[in-house]
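K.L.:
Got a structure for you, questions after.
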Amino acid sequence: MTIRRAVWVVLGVCSWAAVAAADPPADDCTSAAKAFEAAPSAATEVAVGDCHARLGQREEAARWYRDAARRLNLLAAEASPAPQLVAPLPVEPADHDHVRDWRAAMWTSLAVTAVGIGVYAYGRAEMNDATSRLCDGGAYPDNPSCGPVSLTAAQVAALNDQGERGQTFSRLGLATGLVGAGAAALSLYEGYYRHEARADRVVIAPVIAPGAGGAQLRLQW
């Protein structure tokens, strides 16, 4: 629309200049018609139409005006760029917050898994330490590889308590690690793999043209 207005302004100025520079029109607008034949353009067509309009020949003037408008529209169409297709834009699913929660849950689950592994390792270390000290103190007389009896009953009881605590810690750590690993695997699937797979199924391709616009929506399932 801006290009057409600018052309119309230039057209009006050229028309006025052509009419002002021309000789007084004859009754049949011969001079204006010869100017159009010498330089066919929308400006000279408007000049001929103005000539007929001043003579009261409205139908003839309207015909020249229509021809000038048609020529102007053709020039504007040639100057207008062709419609352009913008590259398709992947669209994330509407439940973006849900996906973000799954991703946060995955990292939390990995942290829980790490804590579980640490607790399990601590429990096993306590069990091994108690077993080793009981063996060295002769608490296992049926085991020939263990040392002579050197521990008191109180020491043996304390080491047995240490081993039981270690066993409890190891079981708790193992259960925590397994639960955390399972939750991390599920969160990884929901927050990354499944999200990326669904994001590629929704595509919007905008279409931009002079004076108009639109979009193409493509869904896959």
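The values are calculated or read from the model by the stated rules, or taken from the named source; none is laboratory data. The shown structure was predicted, so the numbers you read here are calculated from the model rather than taken from an experiment. Don't worry about glycine lacking a Cβ; one is built from the backbone with ideal geometry, like all the others, and counts go over all protein chains shown.
Per-residue answers, yes or no, for (1) closer than 30 Å to residue 106 by Cα; (2) not in a helix (DSSP H, G or I):
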| residue | (1), (2) |
| --- | --- |
| 122 | yes, no |
| 126 | no, no |
| 147 | no, yes |
| 154 | no, no |
| 159 | no, no |
| 173 | yes, no |
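K.L.:
If you don't mind, another one. Going through the stretch 139-168 one residue at a time, which ones are more than 28 Å from residue 121 (Cβ to Cβ) and either in contact with a helix residue (DSSP H, G or I) (Cβ under 8 Å, 6 or more places away or on another chain) or among the small types (Gly, Ala, Ser) (or both)?
P.N.:
Matches in the stretch 139-168: 150, 153, 154.
K.L.:
When you check residue 171 against the structure, is it under 55 Å from the mean Cα position of the chain (by Cα) and without any contact (Cβ under 8 Å) to a residue 24 or more places away in the chain, yes or no?
P.N.:
In short, no.
K.L.:
Within the stretch 61-75, can you find the residues that are within 11 Å of residue 41 (Cα to Cα) and in contact with a Leu (Cβ under 9 Å, 6 or more places away or on another chain)?
P.N.:
68, 72
K.L.:
Tell me the residue from 113, 131, 168 that is touching a Gly at 6+ places or on another chain (Cβ under 8 Å) and either within 28 Å of residue 187 (Cα to Cα) or not β-branched (Val, Ile, Thr) (or both), please.
P.N.:
113
K.L.:
Could you pull out the residue among 130, 209, 205 that is at pLDDT below 90 and over 30 Å from residue 97 (Cβ atoms)?
P.N.:
That would be 209, the only listed residue that is at pLDDT below 90 and over 30 Å from residue 97 (Cβ atoms).
K.L.:
Next up: I'd like to know if the stretch 38-49 contains one or more residues that are at pLDDT 85 or above, part of a helix (DSSP H, G or I), exposed (fewer than 12 other Cβ atoms within 10 Å of the Cβ) and within 58 Å of the chain's Cα centre (by Cα).
P.N.:
The answer is yes, given that some residue of the stretch 38-49 is at pLDDT 85 or above, part of a helix (DSSP H, G or I), exposed (fewer than 12 other Cβ atoms within 10 Å of the Cβ) and within 58 Å of the chain's Cα centre (by Cα).
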